[in-house]
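A quick write-up on the structure given underneath.
The values are calculated or read from the model by the stated rules, or taken from the named source; none is laboratory data. Just so we're clear, the structure is a prediction, and the values are computed from it rather than from any experiment. Ideal geometry is used to build each Cβ from the backbone, glycine not excepted, and the neighbour counts take in all protein chains shown. Each accessible area value is taken on the protein alone, full model and side chains, heavy atoms only, with ligands, DNA and RNA left out. Shrake-Rupley method; radii C 1.70, N 1.55, O 1.52, S 1.80 Å.
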Amino acid sequence: MKTVKSIEAIDRQNIIDTACKPVLVFCSDLEFYYCKYNTGFSSAEKLLREYLGVVFLNQWGLSVPDFAFVKVANEHVPETLGIPYHYFKATCFGSQKIDNTTEANRFLEEINSYQKQKFKHRNDYLKISLFDIWVGNDDRNHNNYNLLVESIDGNYRFVPIDHEAIFNTGNLNKGLYTITEESSLITAPLCSKLFMAKELTSQNLIAELKDYFYLCVSNCKRNLTQILKQIPPDWQIDKNTLESDLNKFLFTKEWIEESWGTFIQYLQFTINKISNN
């Protein structure tokens, strides 16, 4: 994973008005990155979850913005920014700015049959839903999709963003629990707009998704040691404990089977809802 450096001062106008207030930073590869920073004095657990979320999504073959570790220079954090410099002492996590996107919740209001056909990989929506159940993502739901819809050459694709809330908002060491039906994309209104009931009941689709799920989880586990090696030292993460917890809770046969079962259960809720409308 690459590391880039800030090359100009951060403007106050480049603070993004969301709960975690990421900042847009122009970097040494001449790209802009939405950077999240460590607001505490101890380990950068939130940044760790952002990193693991996108790296695991990569292992799943799903689209995420290009990402990098970002070093922000002291002189690029002016007092007028209103964010203490020490928040940037640790390496930041940056998601590259991508153009031609809209938020999924806004797109939901406009989607029609013609637009639905422009999704080249429409099943990615189902895969992201399954991913969220597996990693216990508490913050991608009916009211907050945390999905971008990107337009490329006249076609659309889903781009998941924001992964601070995986592992049940950072409770991996206590064991994972299943996200609620209301916290799952699979039961969200957009799913009902993207798919017909007969599509979701296809046994070929279900079999393909199951094979895909088990293969992707296996990929994540196989590459786990290398993934953890790239965590910046200044995040102060105990990598041995983290690897142990991931193997103990995320990669167990029981949790994987429970995650798949939950996905099928929630999928059936949506099928019933579509069929009754």
Which of the residues spanning segment 87-133 are farther than 26 Å from PHE213 by Cα, assigned to a loop (DSSP other than H, G, I, E, B) and open to solvent by 50 Å² or more (accessible area, probe 1.4 Å)? LYS89, LYS97, ASP99, ASN100, GLU109, GLU110, ASN112
Yes or no: GLY94 at pLDDT 95 or above, within 24 Å of ASP245 (Cα to Cα) and small (Gly, Ala, Ser)? no
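Rundown of residues vs (1) touching a Ser or Thr at 6+ places or on another chain (Cβ under 7 Å); (2) of a type outside the set (Val, Ile, Thr); (3) within 25 Å of ASP11 (Cα to Cα), yes/no style:
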residue: GLU50; (1), (2), (3): no, yes, yes
residue: VAL77; (1), (2), (3): no, no, yes
residue: LYS89; (1), (2), (3): no, yes, yes
residue: ILE98; (1), (2), (3): no, no, yes
residue: ARG106; (1), (2), (3): no, yes, no
Could you grab me the full set of residues in segment 176-204 that are surrounded by fewer than 15 Cβ atoms within 10 Å (Cβ to Cβ) and among the aliphatic types (A, V, I, L, M)? MET196
Only residues in segment 215-237 that are under 26 Å from THR39 (Cα atoms) count as the first member; pair them with residues that are among the acidic types (Asp, Glu), Cβ under 9 angstrom, at least 6 apart or cross-chain, and list the lot. LEU228/GLU243; TRP235/GLU45; ILE237/GLU45
Filtering segment 182-205 down to residues that are polar (S, T, N, Q), under 20 Å from the mean Cα position of the chain (by Cα) and part of a helix (DSSP H, G or I), which residue is farthest from ASP132 (Cα to Cα)? THR187
Which residues, counting only those in segment 95-124, are of a type in the set (Gly, Ala, Ser) and within 19 Å of the chain's Cα centre (by Cα)? SER95, ALA104
Extreme residue, modelled with the lowest pLDDT, among residues of segment 8-34 that are within 20 Å of the chain's Cα centre (by Cα) and either part of a loop (DSSP other than H, G, I, E, B) or among the small types (Gly, Ala, Ser) (or both): ALA19
For segment 206-247, how many residues meet the condition of being outside any helix (DSSP H, G or I), farther than 16 Å from VAL55 by Cα and among the polar types (S, T, N, Q)? 1
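Taking the criterion of being hydrophobic (A, V, I, L, M, F, W, C) and in contact with a Leu (Cβ under 6 Å, 6 or more places away or on another chain), would at least one residue in segment 150-160 satisfy it?
Restricting attention to segment 150-160, the residues satisfying the condition of being hydrophobic (A, V, I, L, M, F, W, C) are 152, 158-159.
Narrowing the set further to residues that are in contact with a Leu (Cβ under 6 Å, 6 or more places away or on another chain) leaves 158-159.
Checked segment 150-160: at least one residue is hydrophobic (A, V, I, L, M, F, W, C) and in contact with a Leu (Cβ under 6 Å, 6 or more places away or on another chain).
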Just to verify a result, which residue in segment 163-175, among those that are open to solvent by 70 Å² or more (accessible area, probe 1.4 Å) and not charged (D, E, K, R), is nearest to the chain's Cα centre (by Cα)? THR169
Per the filter on segment 70-86, residues surrounded by fewer than 16 Cβ atoms within 10 Å (Cβ to Cβ) and hydrophobic (A, V, I, L, M, F, W, C) are ALA73
